[in-house]
Amino acid sequence: MSRRIVITGLGPVTAFGVGIDPLWEAMIEGRSAIRRIEQFDAGGFECTVAAELPRDAFDVRKVVPRSYRKATKVMCRDTELAVAAAAEAMTDAGLGGGLNGDESRAIDSRRLGCHIGAGLICADVDELCEALWTSRNEAGEFDLKHWGDNGMNNLTPLWLLKYLPNMLACHVTIIHECRGPSNTITCCEASSGLSIGESMRVIERNAADACLSGGIESKVNPLSILRQGFASRLAPTTLEEDPASVVRPFDPAACGTVIGEGGGIVVVEAAEVASERGAEPYAEITGFASTQSYCADTMGVEPGPDDDGIADAMELALERAEAKPGDIDAIAPLGSGIPAVDRAEAAAIKSVFGRRAAEVPLITTVPNTGNCNAGAGAVSVAVAVQALRTQTLPARINTAPVDGLDAGARPSCSASLGRILVTQTSQGGQNVAMVLQKVDLA
Amino acid sequence: MTPRVVVTGMGWITPLGHDLETVWTKLVNGESGVRPIVRFDASTFPTSFAAEVRDYDFRKYVRNPAMHEGAAMNTQFALGAARQAWDQSGLGSYDALDPRRIGMYLGAGEGVLDFAAYASVAMKTWDPDAGRVDTVAWAREAAATMDRRGEIGQEPNMPLSHLAREFGIRGPACNCLTACAASTQAIGEAVDILRRGDADVMISGGTHTMIHVLGVTGFIRLTALSRQGGDCTRAARPFDRRRSGFVMGEGAGMVVLETLEHAEKRGAVPLAEIVGYGSSADAFRITDMHPQGLGPAAAIIDALNQAGLDPHALGEDGRPLVHYISAHGTGTQENDSVETLAIKHVFGANARRIPISSIKSMMGHLIAAAGAVELITCILAIRHKTLPPTVNLDSPDPELDLDYVPNVARKAEIEVCLSDSFGFGGQNDTLVVRKI
């Protein structure tokens, strides 16, 4: 008999702030956090906007236990965001603040796992270039011999450790004493969903009772923006345009996505363990599936127009949830505003839901929070869980009415929501789908 | 009843060669793949040697090289290793193959930054007076200098996309990157996916290179690399008293895993069975392992439990139930001491009776790919009834008193092997593989 899996804690971190409240409030009001990039002058790029979490939104030194403050020096931005998200999720789940904080924690360390989706983390451009600059020759060119001989000593000894993708989980497992299975999933926008799927498997095979799970990323840095631009993912922007209106998922006039900082961590837990410790489950995850699309473009990054990988993932997740398309009350796709990806997602929804596709409301988050890449799925999951808890559909913004899909802009409204299908598709073609179900659904 | 999972194909691209048998022969002969670095001018670096993959052309391994043109080196390694595994498995000629029931779970590292271009852009855009990069100039220079394909290809999930294209794979797909534990963890999770029935076949393993300017720089700054002077083939010396760090390697190891039922149905020959997997986190420090090795021990115990093997028992032949341990064995002071403690902690009095070796002494540390290559080595050891040696072990460390198969390969009947991988950041993963 397979264990039932529930979500008992939410820790989204988005440009709106830390925790579900600021995110949900913005989603209800239909606000976007996308602005001109402030962390550096992005005027040289085609896309000059992003959804950034203000640097003063939280102080990482205050998020970690006092005895761990020194370690914050070797945290990159992605790790800081993950540490804040994990603390929020653990607190929200009633599992305490971490690092020897709570001796009476209801879940033993060896039974607590951690699966965090992360991206390809870029070294801080100022930090690295300043060090490289010391190794220029008389002609002003970089001199590798000088670098090897002495220049590299201008990098702090732990430099490499700041930027390994598994450092998010490394710090989180230390702070919260997670000694169960821990993994770092690196599949772009599918990372959060795959992490949650892995947490489910780990709990079902009884290798853990609960897991911190999700994903976090910040691609708001020059090299990542360059790469996203090279991959034709980002919307070109003009100075006249309102940044908040740039991302228009599924709109025929959609022209690309915008990067957002963040993602989130949720506590995924065996239902019987949650019940024993008296935790209130927010939602049940009843079905999960992942598939691989055939990416027909020359770089292998986007699903082809005839590819049915996304539809396969949706159908498998429904089957495992013992649900039919008619049982789904809302769908939370990636909805990135990247035309090729929007088309693939729209085709999949139409193929699975048939004529009903036009009646199932879509929940879009990228116009509000930006595309958080490895964290994108965690934002969708947090919003979908909150929609189930409050029986409310969040507002949708920017998109004009779309033929055959319920995707156009509209205010939030109350709705009877029993099951929400969350799906993500990544740059590179990994797809995930999961069915979130209201806990007391008859 | 939980399905049994077997290996039906294996392949690797390593510093010692590009096919199973050539590399195996070199391992048994104790040959080293470590040489001075040729990929970039490392002559002034404190460590200027590594085990590089040489004379490799991925085009020989793929149906249509144009489909993979511009792929990063890790993807190129993955394609060659997966092709060998795929061909050995015979899946290519199985007509009833359902692409939706074939999945992938890789522990692939990231691609390689075009360092020369990056450094040249840095020289042009660093503003020494402001103490920061002029990002507007940087955006312009970088767009003009850096290679579009090369940059896009660096996300660690790109090998998945290329393998999917090459082999028509459509099932569950995932990539994990837990540093040096990644491919062992990937194989363990792939086995779990098969046991659940979410797929019939999984391609799994790892691929990685960090032999590039910033990779080598990063490990030198961490003081993780051997800086031994003189003959560089002697620099990787796991479990030796004079060990001073690891030697970087690169490459890929891939296996085809499938349920025994699926393998039998199509008449495939299983090479070995994966019977145990354990995974744990140290949750101790970002730079150090737990001094008693509690994390690694927990992973080993879980893997043995899953395999139904009692570490303290003796078999009918009077030997412990595990016949060989492929060590993580990096050659750092810390790893080799902690790993030895963990093995003693788990196996007690049996620890001294189990031969242990580290092939990193010969092919360097393949980082994310290391675990897959070491699992393949275990399976070859079972098939060839031979244990590969730990070379350069000529001054024993009095604290490390287990049987590390020093310097010379050894004939042995082995049926059950354990393969350990421990990653920077505290992930510990162990697989148990059994003769079939």
Review point. Once the other residues with Cβ under 10 Å from the Cβ of B:Q228 are scored (Lys, Arg +1; Asp, Glu -1), what is the net sum?
Key: +4
Check your understanding: Over all residues in B:7-13, what is the mean tally of Cβ atoms on other chains that come within 10 Å of each residue's Cβ?
Key -> 0
Exercise for review: Place a +1 charge on the Cβ of each Lys and Arg in the protein assembly as shown and a -1 charge on the Cβ of each Asp and Glu, then give the dipole magnitude about the Cα centre in debye, rounded to the nearest 20.
Suggested key: 1240 debye
Review point. Looking at the P(r) of chain A, how many percent of alpha-carbon pairs lie beyond 39 Å?
Key: 17 percent
Point to revise | Under 17 Å from A:K162, Cα to Cα: lysines that are on another chain or at least 8 residues apart | key: A:K70, A:K73, A:K219
Review point. What spacing in nm lies between the two simple spin-label points modelled at A:A253 and A:S109, each 7 Å away from Cα in the Cβ direction?
Key: 5.7 nm
**Study point:** Pairwise label distance in nanometres, B:A144 with B:E31, each label 7 Å out on the Cα-Cβ vector
**Key:** 4.8 nm
Practice item. Please tell me which of these pairs span more than 32 angstrom C-alpha to C-alpha: A:K62/B:K124; B:K360/B:K435; B:K360/B:K385; B:K26/B:K435; B:K60/B:K124? Key: A:K62/B:K124; B:K60/B:K124
Review point. If r is the Cβ-Cβ distance from B:D403 to A:T156 and R0 is 35 Å, what FRET efficiency results, to the nearest 0.05?
Key: 0.30
Point to revise | Counting all C-alpha pairs of the protein assembly as shown, share separated by more than 55 Å (%) | key: 6 percent
**Study point:** Debye, to nearest 20: dipole size of chain A, +1 on Lys, Arg Cβ, -1 on Asp, Glu Cβ
**Key:** 800 debye
Review point. What cysteines in chain A have no other cysteine with a beta carbon less than 4.7 Å from their beta carbon?
Key: A:C47, A:C76, A:C122, A:C129, A:C170, A:C187, A:C188, A:C211, A:C255, A:C295, A:C372, A:C413
**Study point:** If the convex hull is drawn through the Cα atoms of segment A:151-223, its volume per residue in Å³
**Key:** 114 Å³
Exercise for review: For B:G9, enumerate residues with amide H under 5 Å from its amide H, sequence gap 5+ or separate chain, H modeled in the peptide plane.
Suggested key: B:V256
**Study point:** Square roots of five times the Cα gyration tensor eigenvalues for segment B:102-142, Å
**Key:** 34, 10, 10
Check your understanding: Given N residues in segment B:140-289, what is Rg(Cα) / (2.2 N^0.38 Å)?
Key -> 1.33
Point to revise | Cysteines (scope chain B) whose Cβ has no counterpart Cys Cβ under 4.7 Å | key: B:C174, B:C176, B:C180, B:C232
Exercise for review: Could you give me the radius of gyration and the Dmax of segment B:250-366, taking only the C-alpha atoms into account and expressing both in angstrom?
Suggested key: 16.4, 48
Check your understanding: Which value, in Å³ per residue, describes the convex hull spanned by the Cα atoms of chain B?
Key -> 144 Å³
Review point. Counting only the backbone N, which residues of segment B:261-301 are under 16 Å from the spot 7 Å out from the Cα of B:H312 toward its beta-carbon?
Key: B:301
Practice item. Report the label-to-label distance for A:D297 and B:R242 in nanometres (one decimal), using points 7 Å from each Cα along the Cα→Cβ vector. Key: 5.4 nm
Practice item. Determine the percent antiparallel among the DSSP beta bridges restricted to the protein assembly as shown, to the nearest 5. Key: 70 percent
Check your understanding: How high is the FRET efficiency from A:K350 to A:K324, r the C-beta distance, R0 22 Å, rounded to 0.05?
Key -> 0.85
Review point. Within 10 Å of each Cβ of A:140-148, how many other protein chain Cβ atoms are there on average?
Key: 6
**Study point:** segment A:352-394 - Debye-derived log10 I(q)/I(0), Cα point model, q = 0.14, 0.20, 0.28, 0.31 Å⁻¹
**Key:** -0.40, -0.73, -0.97, -1.02
Check your understanding: Given a Förster radius of 35 Å and the C-beta distance between A:C413 and A:R36 as r, what FRET efficiency does 1/(1 + (r/R0)^6) yield to the nearest 0.05?
Key -> 0.65
Check your understanding: Around B:G109, what is the net charge, scoring Lys/Arg as +1 and Asp/Glu as -1 over all other residues with Cβ under 12 Å from its Cβ?
Key -> -3
Review point. Which stretch or stretches of segment B:306-321 have amide N atoms under 20 Å from the point lying 7 Å from B:K411's Cα along the Cα→Cβ direction?
Key: B:317-319
Check your understanding: With Cβ to Cβ distances under 15 Å as the rule, what net charge do the other residues near B:E273 carry (K, R +1; D, E -1)?
Key -> 0
Point to revise | Residue order, fewest to most beta carbons within 10 Å, for B:K360, A:K145, A:K438 | key: A:K145, A:K438, B:K360
Revision key, fill the gap. Per residue, the convex hull enclosing the alpha carbons of segment A:282-355 has a volume in Å³ of 105 Å³
Point to revise | Residue-by-residue Karplus 3J(HN,Hα) for segment A:415-425, coefficients 6.51, -1.76, 1.60, Hz, glycine and proline x | key: 7, 8, 10, x, 9, 10, 9, 9, 9, 9, 9
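Readers should treat all values here as calculations from the given coordinates under stated rules, not as data from a laboratory. For clarity, every value in this text was computed on a predicted model and none was experimentally measured. Note that each Cβ is placed from the backbone with ideal geometry, even for glycine, and that neighbours are counted across all protein chains shown.
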